[in-house]
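Structure, as structure tokens:
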Amino acid sequence: MRKRTWGFVGVGLLAALLLAGVVSNYASSHPDGLDSSLLKGCTVNADHEITGGSCPAQQAREHELADSPLADYGIKGVDSDFLSTGLSGVVGVLLTFAVGGGAFWLLRRRTPAGDGPTTAAGPTTGDRPTTAAGPTTGDEPGNDRDTDTDRPAVDAGRGPTG
Amino acid sequence: MQTLAMHISNGIINGPVAAVFGALALAALTFCVLRARADLDDRLAPMAGLVAAFIFAVQMLNFPIFTAGVSGHLLGGALAALLVGPWVGALCVAVVLVVQALVFGDGGVAMLGLNITNMALLGTAAAYLLIALLLRVLPRTRAGLAVTAFVSALVSVVVASQGFVLQYALGGTTDLGGNLAGLAGTMAVAHLLIGIGEGLITATTVLTVAKVRPDLVYALRSRRAAAPAVAVPVAGGVR
């Protein structure tokens, strides 16, 4: 089961890379809902630069990291817009996966570790079994085949109550 | 193609208010981390990384809405709440916003607390409350799941947009001459339309995952456990 989860994650990641790396070039370049609301009262030219009037967006200041090599979803020094946007998207997806996935991986409950008192006490929503009270068998040295067998039998008993 | 600042920029909200929301967001995210630990296991952790990466990708895809010259993009709170639950979901959106602010120069670093409050916290919370409600009252079918995803996504976007209006009322740097209602209205209408796009993307994505790997959809867990026709009766295999 765990291997199949990683397989799914791999496929999903490929989809994300495709979206950020290629499809992103066909995204609308109009200001989004927030920006356009803040531009209300101003006149703008074809490049969405303010040409007159008065609006909240005029107070906007430079980003702290406007000189970042990846600022504004492009890569500094890459001339082709297509490549610049696409590559920055690819970097962003991989970076987000690494940062997010890494943090979540470190935060996770280590159920199969086999130490009894790892019970994650608070069921967050009360709608799923969260008992992680350690395996009843205690003998699964790195067995990847089927995490479901790791689940204590209590889980099954609690299942159909919802 | 070159504009693409999608979140609150520096200077739009004053420093003190931004700082207060920064502290608020930090406290709330800490709470989310504590609650998320109960959900995060060997299966959910990689899935949560994927959800964050996927939201980053789809946020780049600004789509036109029906009013001229305005676009919208996914916020992702409802999608994350459906796939990985509210606590981990809020953290997923926050990770995306942090990466965008620190690496892509999108959304001021000083404004990060404001952006996180609106999109990661308010958006996800509103979405999850609706998800919990709708999954209870709607039929347990793909159509029911689709409607849940669509409605919760749409509403969460409008709620997030009004979070910004509240922040602007507290610390906006331009005197609107008492016309805050105008800003609220403009934001609401634009984000109602964006919410339709958000709803379609969310419903499509969640239905796809539910079809391929229903066990990876957090919001379906309790439902499936409660369903009478579950095939595997032992050892928590239904999950």
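Quick notes on this one:
- If you take all other residues with their beta carbon under 10 Å from the beta carbon of residue A:109, and give Lys and Arg +1 and Asp and Glu -1, the sum is 0.
- Counting only Cα atoms, the size of chain B along its three principal axes is 63, 36, 32 Å, in decreasing order.
- Residue among B:90, B:132, B:81 with the largest mean-square fluctuation in a Gaussian network model of chain B, springs linking Cα atoms under 10 Å: B:132
- Electrostatic bookkeeping for residue A:48 treats Lys and Arg as +1 and Asp and Glu as -1; over the other residues with beta carbon under 12 Å from its beta carbon, the sum is -4.
- Cα centre as origin, Lys/Arg/Asp/Glu Cβ charges: chain B dipole, Debye: 920 debye
- Our summary of shape: the Cα atoms of the range B:42-146 have principal axis extents of 43, 42, 21 Å, ordered from largest down, in whole angstrom.
- Averaged over B:78-85, number of beta-carbon atoms from partner chains that fall within 10 Å: 1
- Centroid-to-centroid separation of the range B:50-78 and the range B:176-194 [C-alpha atoms, Å]: 19 Å
- Stokes-Einstein diffusion for the range A:20-104 at 37 °C, viscosity 0.692 mPa s, with a Kirkwood radius from C-alpha pairs, works out to 219 µm²/s.
- For chain B, the mean residue ellipticity at 222 nm estimated from helices alone is -22000 deg cm²/dmol, where every DSSP H run of n ≥ 4 contributes -39500 (n - 2.57) and the total is divided by all residues, rounded to the nearest 500.
- Whole-number percent relative contact order across the range B:15-220, with pairs defined as alpha carbons under 8 Å at least 6 apart: 26 percent
- Nonlocal amide H pairs with residue A:44, under 5 Å, H built at 1.01 Å: A:51
- Residue (of B:56, B:19, B:210) at the positive-pole extreme of the range B:15-220, dipole from beta-carbon charges: B:210
Here, each number is a calculation from the coordinates, and none is a lab measurement. On a predicted model such as this, the values are computed, not experimentally measured, just so you know. Cβ: placed from backbone, ideal geometry, glycine included. Neighbour counts: every protein chain shown.
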